[in-house]
Amino acid sequence: MSADLVIQLAQEALMVVLIVSAPMLGLGLTVGLMVSVFQATTSIQEQTLAFIPKIIAVFVAILIFGPWMLSLMVEYFSGIFVNIPIRIT
């Protein structure tokens with residue numbers, strides 16, 4: 001196993017992690033920004049008001065994008081396991 005192969009596998013793994021986590025992080029960021037703007041305009045400084053909607057948004061993102069994320073991860077790992085004999089030699 002060469003260093004180039006290890007770097008390529010690590011790069012592919014990081015890309016899959018970024019792509020899989022992007023919907024949850026994006027939706028959490030959007031909801032957090034909306035709650036922050038709401039808090040700034042109404043002068044409400046309640047900590048749970050900022051935290052609870054983000055948790056709900058991430059949970060909804062997991063429910064909506066879950067099958068897509070699972071298929072992407074299964075495709076990546078099956079590709080790794082199929083190519084083990086090819087990559088090691």
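The values are calculated or read from the model by the stated rules, or taken from the named source; none is laboratory data. What you see is a predicted model; the values in this text were computed from it and never measured. When we count neighbours, we look across all protein chains shown, and the Cβ atoms used for this are built from the backbone with ideal geometry, even at glycine.
Checking A22, A3, A61 one by one, the residue that is free of Cβ contacts under 8 Å to residues at least 12 places away in the same chain and surrounded by 13 or more Cβ atoms within 10 Å (Cβ to Cβ) is A22 and no other.
Considering the conditions (1) more than 26 Å from Y76 (Cα to Cα); (2) in contact (Cβ under 8 Å) with a residue 12 or more places away in the chain; (3) not small (G, A, S), L29 is excluded by exactly one of them, (2). Kindly indicate whether I44 is at negative phi, surrounded by 10 or more Cβ atoms within 10 Å (Cβ to Cβ) and in contact (Cβ under 8 Å) with a residue 24 or more places away in the chain. Considered against the rule, which asks whether it is at negative phi, surrounded by 10 or more Cβ atoms within 10 Å (Cβ to Cβ) and in contact (Cβ under 8 Å) with a residue 24 or more places away in the chain, I44 comes out as no.
Of everything in region 47-56 that is within 16 Å of the chain's Cα centre (by Cα) and among the aliphatic types (A, V, I, L, M), the residue that is surrounded by the fewest Cβ atoms within 10 Å (Cβ to Cβ) is I55.
Against the criterion of being under 23 Å from M15 (Cα atoms), surrounded by fewer than 13 Cβ atoms within 10 Å (Cβ to Cβ) and without any contact (Cβ under 8 Å) to a residue 60 or more places away in the chain, S36 does not qualify. Only one of the listed residues (F65, F59) is at pLDDT 90 or above, over 30 Å from V6 (Cβ atoms), under 13 Å from the mean Cα position of the chain (by Cα) and not aliphatic (A, V, I, L, M). That residue is F59.
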